[in-house]
1. Hey, rough spin-label estimate for Asp245 and His116, points 7 angstrom out along Cα→Cβ, what's it come to in nanometres?
2. In whole percent, what relative contact order does the range 21-256 give with Cα contacts below 8 Å and a gap of six or more residues?
3. Would you list which lysines come within 21 Å of Lys34, measuring only between C-alpha atoms, while excluding same-chain residues fewer than 8 positions from it?
4. For a quick protection proxy, order the peptides 205-215, 113-123 by their average other-Cβ count within 10 Å, most packed first.
5. When the dipole is taken about the Cα centre of the chain, and only Lys, Arg (+1) and Asp, Glu (-1) are charged at their Cβ, what size is it in debye, to the nearest 20?
6. Using modelled amide H (1.01 Å from N, peptide plane; none on Pro or chain starts), what sits under 5 Å from the amide H of Ile166, excluding residues fewer than 5 places away?
7. Report ³J(HN,Hα) in whole Hz for each residue of the range 216-230, in order, from the Karplus equation J = 6.51 cos²θ - 1.76 cosθ + 1.60 where θ = phi - 60°; Gly and Pro get x.
8. Enumerate the aspartates and glutamates that Lys139 could reach by cross-link, defined here as Cα to Cα under 14 Å, with residues fewer than 8 away along the same chain left out.
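None of the figures in this text is laboratory data; all of them are computed from the coordinates on show. As the structure is a prediction and not an experimental result, all values here were calculated from the model. Here the Cβ is made from the backbone with ideal geometry for all residues, glycine too, and neighbour counts use every protein chain on show.
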Amino acid sequence: MNFNLSQMPERNKRPRVSGITMVMDKGLSVEEAKNFLSVSYPHVDIIKLGFGTSYVTPNLREKLEVYRSYNLPIYFGGTLFEAFLIRNQFDDYISVCKDFGIEYMEVSDGSITIPHAEKCGYIEKLTKHGTVLSEVGSKDAAHIIPPYKWIELMRAELGAGATYVIAEAREAGNVGIYRGSGEVREGLVQEILTQIPGEKIIWEAPQKAQQLYFIELLGCNVNLGNIAPSEVIAMEAMRIGLRGDTFNLYMDQKQNG
């Protein structure tokens with residue numbers, strides 16, 4: 001940090017297993033990726049190349065090398081996994097990940113229907129090739145999953161070998177754990193947390209109000225995902241009480257404690 005401030009919350013040190021910031025790259029150029037990391041690198045833990053953008057991104061290998069030069073894990077969005085799967089190209093997906101040196105893989109079923117036992121089977125298979133993140137929740141706003149089912153799915157996917165489960169929100173933050181307005185389904189979130197350890201969940205939270213909700217609920221070391229590259233520094237400031245929304249969060253704790 002650039003100077004000393006007392007009464008600051010303690011952020012987990014990198015490489016972190018909780019307090020993760022997963023950034024969604026929806027098509028940065030090689031130079032934009034370099035510029036982004038020149039400022040934000042200390043506060044980034046994982047890079048996701050959103051949905052199927054890796055298929056159409058020019059200079060993909062060069063951009064991956066930029067991220068690797070900072071020792072950041074990268075993965076292709078779960079929609080790409082689903083695109084391979086629906087075309088019966090699961091083995092090709094593994095080959096592509098190997099070819100591009102991708103060691104993190106996302107298993108999701110937000111756009112297609114996969115029997116859950118089969119989804120867990122894919123998680124188990126992919127753990128032999130790298131670190132698996134599994135996403136729970138549908139991209140279809142009309143498909144409401146009850147809390148007990150979220151818990152059941154998350155528990156089974158962690159049991160199958162997923163390192164983290166991702167709570168679906170899409171890049172807009174308007175499905176899954178959120179209502180169409182972007183408002184958090186608070187009852188759902190709090191019920192999930194009665195059964196699933198918070199440090200094993202990455203909450204997709206692209207909107208500032210969503211990030212604030214989880215920071216207030218779970219503290220500065222909550223795992224947050226689908227963060228825009230341009231928002232990383234601002235969100236890190238919010239995590240530690242240096243933004244108006246969270247200014248008194250830790251001061252009050254210190255004074256009351």
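1. 3.2 nm
2. Taking the mean separation of contacting Cα pairs over the length of the range 21-256, I get 17 percent.
3. Here the lysines satisfying the reach criterion relative to Lys34 are Lys26, Lys48, Lys63.
4. 205-215, 113-123
5. Here the chain has a charge dipole of around 400 debye.
6. Ser134, Glu135, Val136, Ile202
7. In residue order, the calculated couplings are 5, 6, 10, x, 5, 9, 6, 7, 10, x, 6, 8, 5, x, 6 Hz.
8. Glu82, Asp109, Glu168, Glu171, Glu204
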